[in-house]
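Here is the structure we will look at.
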Amino acid sequence: MDTNFVLLGLVSCLAFALMSVDDVVVVFMGYVVLCGFKSVYRPIISANLMTALKSRQSFSTAMSIAAMLSAIMGLLLSALYSWGFSNFSEVNLILSALSLGVFVLGAWVVRRHNETISEQRDVRSMSQKKHFVKRFYSQWSYIQQYPRADDINPLFLQSDNRGYPSPKLLSVKDNQVEWEYISGELLSSLHRDQQRVVINAFSQRFNDRKSIPHNEVVIHGDLHPDNILVSEGRIYVVDWDLASLGDPLFDALTLITSPTLDLTNQERVAFIVEAFEVTERDAYDWVTGFLRQKSEQLADFLTDDYEGGYLADLVQSYRKLTTSFALSSYHES
């Protein structure tokens, strides 16, 4: 309805502007446009009001107001003719300016109200925060709403603290954090070759940061493939709630031990060897130890509410991968 309101204001402005020109043909064109405007504005308004208003009484009231406005416009036209204007063109020029005002007002209404916010439910999430996608005209953003403002981790609010590419942080207001919306695919959903390209990029980043003191490095804290977006060849890391100062090895192990990656045991160990320049023995011990710890931690979250759900399947996948490593030796890895 807001868009139609803007268009009607613009058409009315055009009609009166044409009728203010001192040319019979142009004035006639303006009159035709004005007739067209009068023939469509009431049906358009009626159709939109019937959709927007549930109460018949409200609809009748709104249509009465529309009729009143039409009467006022006619009265204004008569008044302008008799109030000091010597010719028809001057009157229509004034009416064109008034219609332009209606158009500007309509544009403001659209700008204020052309906004949609939809909640996004994620069965994989184990946190209490809510997720929303917001559209304002052609601009999209992603909103995380926390139970309390104190639940927002202050570490990730500064872009310098986010050690991996991430969406732009647009605003923080009360208990809501608004991010740039990135349309892409999760790393976990990509096929094997695409996953390997992304994994190699992370290997180089870990290698570059391995010598930085741990008390100076902000790690993500939950760098699994479902928190990594790939869009148009670029990588974005999202969901920074668990960010903290720590060892980048924790992020590397969180990433490479994820069962959602289509990698062999040997490739997982080789990733740690390359990223941190350690022996296969050390890499193998780190991976197996982390897998056992991760399986136990996830199992602690399991309740009857999660039985047969995403979390139960995830725990089972980690257990299978842990068993796979336990049955192999580091020489085979």
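Here are the numbers for this structure:
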{"read-out": "Top-ranked residue of region 257-271 - restricted to ones that are assigned to a loop (DSSP other than H, G, I, E, B) and out of contact with any Pro (no Cβ under 8 Å at 6 or more places or on another chain), ranked as surrounded by the fewest Cβ atoms within 10 Å (Cβ to Cβ)", "value": "Thr264"}
{"read-out": "Which numbered condition Asp193 fails, given (1) at pLDDT below 90; (2) exposed (fewer than 12 other Cβ atoms within 10 Å of the Cβ); (3) under 30 Å from Ile272 (Cα atoms)", "value": "(1)"}
{"read-out": "Checking Gln176 against (1) closer than 18 Å to Lys129 by Cβ; (2) in the same structural domain as Ser295 (by TED's automatic domain parsing); (3) in contact with a strand residue (DSSP E or B) (Cβ under 6 Å, 6 or more places away or on another chain), the condition it does not meet", "value": "(2)"}
{"read-out": "Of all residues making up region 158-181, the number that are closer than 25 Å to Gly233 by Cα and either touching a residue at least 12 places away in the same chain (Cβ under 8 Å) or charged (D, E, K, R) (or both)", "value": "15"}
{"read-out": "Among the candidates Asp239, Asp262, residue that is of a type outside the set (A, V, I, L, M, F, W, C), more than 25 Å from Lys129 (Cβ to Cβ) and touching a His at 6+ places or on another chain (Cβ under 9 Å)", "value": "Asp262"}
{"read-out": "Strands (runs of 3 or more DSSP E) lying entirely in region 93-187 (those with 1 or more residues that are modelled with pLDDT under 85)", "value": "115-120, 130-136, 139-145"}
{"read-out": "Filter result for Glu216 (of a type in the set (Asp, Glu) and more than 21 Å from Leu155 (Cα to Cα))", "value": "no"}
{"read-out": "Some residue of region 222-229 being on the phi > 0 side of the Ramachandran plot and either assigned by TED's automatic domain parsing to the domain that holds Lys294 or in contact with a strand residue (DSSP E or B) (Cβ under 6 Å, 6 or more places away or on another chain) (or both)", "value": "no"}
{"read-out": "Residues of region 202-220 satisfying the condition of being touching a strand residue (DSSP E or B) at 6+ places or on another chain (Cβ under 7 Å), surrounded by fewer than 19 Cβ atoms within 10 Å (Cβ to Cβ) and part of a loop (DSSP other than H, G, I, E, B)", "value": "Val217"}
{"read-out": "Number of positions in region 245-256 that are acidic (Asp, Glu) and either assigned to a helix (DSSP H, G or I) or surrounded by 18 or more Cβ atoms within 10 Å (Cβ to Cβ) (or both)", "value": "1"}
{"read-out": "Candidates Leu242, Leu229, filtered to the one that is at pLDDT 90 or above, assigned to a loop (DSSP other than H, G, I, E, B) and of a type in the set (A, V, I, L, M)", "value": "Leu242"}
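The values are calculated or read from the model by the stated rules, or taken from the named source; none is laboratory data. Predicted model only: the values in this text are computed from it and were never measured. All Cβ positions, even for glycine, are placed from backbone atoms using ideal geometry, and neighbour counts span all protein chains on display.
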